[in-house]
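Student: Structure incoming, see below.
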Amino acid sequence: MSLSRSPSPVPGGGWASPGLNIASGRSSPTRNSPGSSGTPVMWESSRLKKSPGAGYPSFSTKNQSFFSRHMRRFSSSLPRFNASSQHSDKEKLGRGRWSIHNVPLLGRIRGIVARMGRKMKIRLLILLMMLLSVIIFYNSPLVYHWRRSSWFGGGEKFVIILGANVGGGVMDWKGAREWAIERDSVRNKKKYVGNWGYELEIVDMSTKKRYAHEWRESWEKVDFVRTALKKYPKAEWFWWLDLNTFVMEPTYSLQDHIFNNLEKHVYRDINDYNPLNITHPFTDTYLDAESQSPIGDGKASSVNLILSQDCAGFNLGSFFVRRSAWSDRLLDLWWDPVAYEQKHMQWAHKEQDALEQLYVTQPWVRKHTAFLPQRMINSFPTGACADNGNDTRIHYDEKDRDFLVNMAGCEWGRDCWGEMYNFRQLSYYLNRMWWERFKEDFVAVIWFKLTGQRVKL
């Protein structure tokens with residue numbers, strides 16, 4: 001069958017494929033070839049592509065399927081190969097090896113963040129903000145300032161007065177142990193006030209000619225409290241501490257430990273613990289009802305002086321004075337030079353005996369004075385008040401985590417530095433952080449059981 005005689009599928013003659021018409025072999029159909037109608041002949045595939053709504057089926061994933069939404073996430077999680085290595089063409093040295101070891105740390109972090117979902121990024125951001133807030137508010141100098149404010153603790157209402165440089169001056173020389181005691185005591189108080197936003201007033205107790213009478217120096221506690229009342233007008237409570245004291249529990253705030261529930265902690269009736277055998281209350285008929293009551297008016301707001309009692313009576317190694325007109329009157333009378341001149345040779349405990357005398361004889365003093373259990377603010381070591389053995393009212397108890405210990409009377413036959421050092425180490429041990437407890441109480445114990453060697457981590 002001759003090809004020239006075969007019918008053409010194109011109207012007017014001619015074939016749509018090269019090799020089947022007169023102009024066979026050309027790249028495109030001729031326009032005016034013989035046997036054609038003069039109309040240009042198009043390739044069939046070109047015509048189908050140009051016609052709308054027709055064409056070959058295609059597979060497109062642009063914004064239409066799961067793969068388009070997650071293609072970036074899938075591709076970023078695939079392993080990367082090091083194509084730039086100088087040994088990339090060698091079989092055993094570098095071809096196909098992963099390049100994770102050559103990616104810098106910042107690049108790895110970026111890759112991890114890129115693979116995270118949106119919700120995970122938000123959760124991680126919230127977690128980082130919370131961690132940053134904890135660091136800023138609890139482990140930075142800012143904690144002192146925000147805990148001073150009335151909204152976040154009210155630390156500015158409390159002032160700690162610490163008597164320092166005891167034994168210094170012209171009457172005595174301080175040795176290395178005395179300086180070590182002072183250094184540890186001052187550091188301890190500074191750390192405590194830094195945690196809770198309190199003020200710390202360190203006063204000089206050195207023996208020097210400060211007053212008209214040479215023995216007046218031993219009564220300067222009263223004078224220093226009066227000075228602090230003027231120096232800190234915003235403060236409400238003033239806490240006197242002797243140098244031989246150590247705060248064993250720095251995590252206890254004064255607010256939580258005492259003052260948020262003052263009425264529950266203090267006792268007004270001295271008969272609850274009365275080592276001095278003071279007759280209480282007053283029975284004189286001319287006195288008002290509050291003066292004849294064993295607890296005064298019974299309100300915590302009327303308490304202006306708080307102290308503790310040891311085996312011998314009042315102890316002023318740790319006591320509180322509240323700012324009030326009553327306190328100003330008491331301090332003036334307590335510091336009265338007339339009473340001092342008459343009794344200073346008889347009162348062996350000086351200002352402590354003077355306060356006891358005022359409490360015994362003055363009803364107005366008694367009804368505004370309250371007492372705390374000694375172990376709340378003034379625990380003793382076992383060597384103090386030891387005539388009757390260990391007394392649970394007086395002596396420090398590690399199990400109960402007593403707040404403060406006072407090495408009272410350690411200069412009279414006891415080792416002040418030894419007691420201070422032991423209580424300091426005990427406080428550090430009791431207040432260890434959780435990771436320190438894990439290392440010392442778990443890891444070190446396991447290592448000792450396995451090897452028989454003790455290690456300090």
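Every number in this text was worked out from the coordinates using simple rules, so none of it is lab data. Remember, it's a predicted structure, so these values are computed and weren't measured experimentally. Neighbour counts run over all protein chains shown; Cβ positions are idealised from the backbone, glycine included.
Student: For segment 239-376, what does the relative contact order come out to in percent, with C-alpha contacts under 8 Å and a separation of six or more?
Tutor: 33
Student: Inverting the mean 1/r over all pairs of different Cα atoms, compute the Kirkwood radius of segment 303-384 and quote it in Å.
Tutor: Hydrodynamic radius (Kirkwood, Cα pairs) of segment 303-384 is 13.6 Å.
Student: Follow-up. So which of LYS157/LYS231; LYS157/LYS230; LYS234/LYS264; LYS189/LYS221; LYS189/LYS350; LYS221/LYS264 end up more than 20 Å apart, counting from Cα to Cα?
Tutor: Violating the 20 Å Cα-Cα cut-off are LYS234/LYS264; LYS189/LYS350; LYS221/LYS264.
Student: Let me ask something else. Could you derive backbone 3J(HN,Hα) for segment 225-239 from the dihedral phi with the Karplus parameters 6.51, -1.76 and 1.60 (θ = phi - 60°), listing whole Hz in sequence and x where the residue is Gly or Pro?
Tutor: So the J values, rounded to whole Hz, are 5, 4, 5, 5, 4, 7, 6, 10, x, 8, 6, 10, 10, 10, 10.
Student: Follow-up question, since we're still on this one. Within segment 294-370, list the trypsin sites (Lys or Arg not before Pro) lying in a DSSP loop whose Cβ has at most 16 other Cβ atoms in a 10 Å radius.
Tutor: LYS299
Student: When the convex hull of the Cα atoms of segment 274-416 is projected onto a plane and the area is averaged over all directions, what value comes out in nm²?
Tutor: 10.3
Student: If you line up the Cα atoms of segment 391-457 on their principal axes, what length do they span on each, largest first, in Å?
Tutor: For segment 391-457, the Cα extents along the three principal axes come out at 46, 24, 20 Å.
Student: Going through segment 213-290, which trypsin sites (Lys or Arg not before Pro) have at most 15 other Cβ atoms within 10 Å and a DSSP loop state?
Tutor: LYS234
Student: Shifting gears a bit: Out of all Cα-Cα pairs in segment 359-423, roughly what percent, to the nearest whole number, are more than 16 Å apart?
Tutor: Value for segment 359-423 (Cα pairs over 16 Å): 54 percent.
Student: Find how many whole Å separate the alpha carbon centroid of segment 227-256 from the alpha carbon centroid of segment 301-319.
Tutor: Computed from Cα coordinates, the inter-centre distance equals 14 Å.
Student: What are the residues whose amide H is under 5 Å from the amide H of ILE161, where those residues sit 5 or more places off or on another chain and H is modelled from the backbone?
Tutor: GLU201, TRP239, TRP240, LEU241
Student: Expressed in nm², what is the orientationally averaged projection area of the convex hull enclosing the Cα positions of segment 178-329?
Tutor: Hull-based average projected area comes out at 11.6 nm².
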